[in-house]
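Peer 1: One structure is given below, represented as structure tokens, and several questions about it will come after.
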Amino acid sequence: MERVLVTGGAGFIGSAVVRLLVTRGLRVVTVDKLTYSGTLSSLGSVAGAANHRFVEADIADAERIGALLREERIQGVMHLAAESHVDRSIDGPAVFVETNVVGTFRLLEAILGYWDALAGQEREAFRFHHISTDEVYGDLPYDSGVITETTPYAPSSPYSASKAASDHLVRAWHYTYGLPVVLSNCSNNYGPFHFPEKLIPLVILNALEGKPLPLYGRGENVRDWMFVEDNARALELVLTRGRVGQSYNVGGRAERTNLQVVEAICELLDERLPLGGARNRRSLIRFVADRPGHDRRYAIDPSKAELELGWQAEEGFDSGLAKTVDWYLDNPWWWRPLREKRYSGDRLGRTIRAAGPQPGRG
Ligand code: NAD
């Protein structure tokens, strides 16, 4: 595969994918609408690369996407463009349906039109990789096992329901029209260039500034965490080696409660920048009213991706978190403008406005 189009490539995971594929020498066309979470500066390292092209466009603009696919003779599409923040989906679900469901539908139509006109080896080798989330499987009890690719979907939030709907559309376009698709459902990502409204960057930056660290409920909810660069490698392998029509769960085998994550960040920052006296950053933790419909636990079994694709998460949670904290300490040029805009009141939802900045997930 030599020419790939990445939707949502100015976002957190998308930009990691674009940086990886450009470094590998592929021709990469990034399509992004640059919503509040799209950040061109995340693509700074590839901005001047001859094998990278950025196009500001909406995935719902089927005509534009179709023209780009033909012009660039695209061989594979990685679809990451989405509305991705659960809290925002609770405050304003409409845009989640528009982007994640209708947007994916329009994208599928554009891709099907393009693929239908291909012939021979080009048609055979084409792939559409739809990137989804472990949240589509819904709430998992604390004392139960892990999720596999055959676990039934049971989404709880407007975000996860919209992602589940888009997964169903993608599978239907495969079974009904023969479009060669692969899907992946990944767990919580963390790492550099993560938009500062999400749990880990929010806590790093609040803790850095000595601000309260809001934690839903008692901080007992469990998530599986994966370093974003591990995920980017996995997504590349799903595209290039995944079996058509199959889904792959991708996770870091690193389950942590939210409280454990926040405490670990506090310790890392206390080591690097002690507050002085006997104070430590754990004292900044504030338990806040729980998110409505807050799933207790997500836990992914990535065995299928490991066995079939030869993928392994390389970064352990402790080392990955330390790298992430150091990245935020070293790169205020990236997050400061976003954080200033984020907290100016611009685009904040009702819940967030009423209760102050709160942690979320994506
Ligand atoms: P993000 O919010 O950081 O990035 C989303 C990107 O999509 C942004 O650059 C935004 O500008 C772009 N976008 C939004 N609407 C668009 C439209 N209509 N047309 C074109 N571009 C548009 O999200 P992320 O965290 O990088 O997540 C990427 C994908 O991975 C999403 O599909 C998400 O559901 C999935 N996912 C994320 C996580 C995670 O932990 N972040 C976990 C599992 C799955």
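The values are calculated or read from the model by the stated rules, or taken from the named source; none is laboratory data. Predicted model, so just to flag it, every value in this text is computed and none were measured. In this analysis, Cβ positions are derived from the backbone assuming ideal geometry, glycine residues included, and neighbour counts consider all displayed protein chains. What goes into the accessible areas is simple: the full protein's heavy atoms, side chains included, and nothing from ligands, DNA or RNA. Shrake-Rupley method; radii C 1.70, N 1.55, O 1.52, S 1.80 Å.
Peer 1: What number comes out for accessible area per residue over the range 198-315 if the probe is 1.4 Å? Units Å², please.
Peer 2: With the other protein chains kept in place, the range 198-315 gives 40 Å² per residue.
Peer 1: Also, I was wondering about something else. What's the Cα-based Rg to Rh of the chain, Rh via Kirkwood?
Peer 2: Across the chain, the Cα-based Rg/Rh ratio is 0.96.
Peer 1: Students often forget the sequence filter, so: which aspartates and glutamates lie under 13 Å Cα-Cα from residue 341 once same-chain residues fewer than 8 apart are removed?
Peer 2: 197
Peer 1: While we're on this one: Could you check what % of the DSSP bridge pairs in the chain are antiparallel, to the nearest 5?
Peer 2: DSSP beta bridges in the chain are roughly 10 percent antiparallel.
Peer 1: Exactly which trypsin sites (Lys or Arg not before Pro) in the range 168-229 are in a DSSP loop and have at most 11 other Cβ atoms within 10 Å?
Peer 2: When the trypsin sites (Lys or Arg not before Pro) of the range 168-229 are filtered for loop state and at most 11 Cβ neighbours within 10 Å, 218 remain.
Peer 1: Residue 3: accessible area at probe 1.4 Å, nearest 10 Å²?
Peer 2: Ignoring ligands and nucleic acids, residue 3 comes out at about 40 Å².
Peer 1: Then there is this: Do any of 163/198; 33/323; 211/323 go past 20 Å between their Cα atoms, and which?
Peer 2: Flagged as over cut-off: 33/323; 211/323.
Peer 1: Hey, in the GNM for the chain with a 10 angstrom Cα cutoff, which one of 293, 92, 316 fluctuates hardest?
Peer 2: 293
Peer 1: Let me ask something additional. Based only on the alpha carbon positions, what is the Kirkwood hydrodynamic radius of the range 1-149, in angstrom?
Peer 2: For the range 1-149, inverting the mean 1/r across all distinct Cα pairs yields 16.3 Å.
Peer 1: If you filter the range 71-160 for trypsin sites (Lys or Arg not before Pro), then keep DSSP loop positions with at most 15 other Cβ within 10 Å, what is left?
Peer 2: 73
Peer 1: According to the Kirkwood expression over distinct Cα-Cα pairs, how big is the hydrodynamic radius of the range 87-137, in Å?
Peer 2: By the Kirkwood definition, the hydrodynamic radius is 13.2 Å.
Peer 1: Could I ask something else about it? What translational diffusion coefficient, to the nearest whole µm²/s, does the range 206-271 have by Stokes-Einstein, given a Kirkwood radius computed over alpha-carbon pairs, a temperature of 37 °C and 0.692 mPa s viscosity?
Peer 2: 228
Peer 1: Given a 1.4 angstrom probe, I'd like the percentage of the accessible area of the chain that is carbon and sulfur, rounded to a whole number.
Peer 2: 51
Peer 1: Sticking with this structure for a sec: Report, in degrees rounded to the nearest 10, the 0 to 90 angle that the Cα long axis of helix 12-24 makes with the longest principal axis of the chain.
Peer 2: Relative to the chain, helix 12-24 is tipped by roughly 60 degrees.
Peer 1: Using only the Cα atoms, what convex hull volume per residue in Å³ does the range 17-61 have?
Peer 2: Hull volume normalised by residue count: 73 Å³.
Peer 1: Kindly provide the helix-only [θ] at 222 nm of the chain, computed as the sum of -39,500 (n - 2.57) over DSSP H runs of four or more divided by all residues, to the nearest 500 deg cm²/dmol?
Peer 2: That comes out to -12500 deg cm²/dmol.
Peer 1: Right, here's the next one. Looking only at 330, 270, 295, which one moves most when the chain is put into a Gaussian network model with springs between Cα atoms under 10 Å?
Peer 2: Comparing 330, 270, 295 in the GNM, the peak value goes to 330.
Peer 1: Still on this structure, please answer the following. Skipping prolines and chain starts, which residues have an amide H placed within reach, meaning under 5 Å, of the one on residue 181, given they are 5 or more residues away or on another chain?
Peer 2: Close amide H contacts, sequence-distant or interchain: 128, 245.
Peer 1: Let me ask something else about it. Over what distance in Å are the Cα centres of the range 240-280 and the range 115-180 separated?
Peer 2: Cα centroid to Cα centroid, the span is 25 Å.
Peer 1: Apply the Karplus parameterisation 6.51 cos²θ - 1.76 cosθ + 1.60, with θ equal to phi minus 60°, to every residue of the range 304-312 and state each ³J(HN,Hα) to the nearest whole Hz, in sequence, with x for glycine and proline.
Peer 2: Once rounded to whole Hz, the list reads 4, 5, 5, 6, 7, 9, x, 8, 9.
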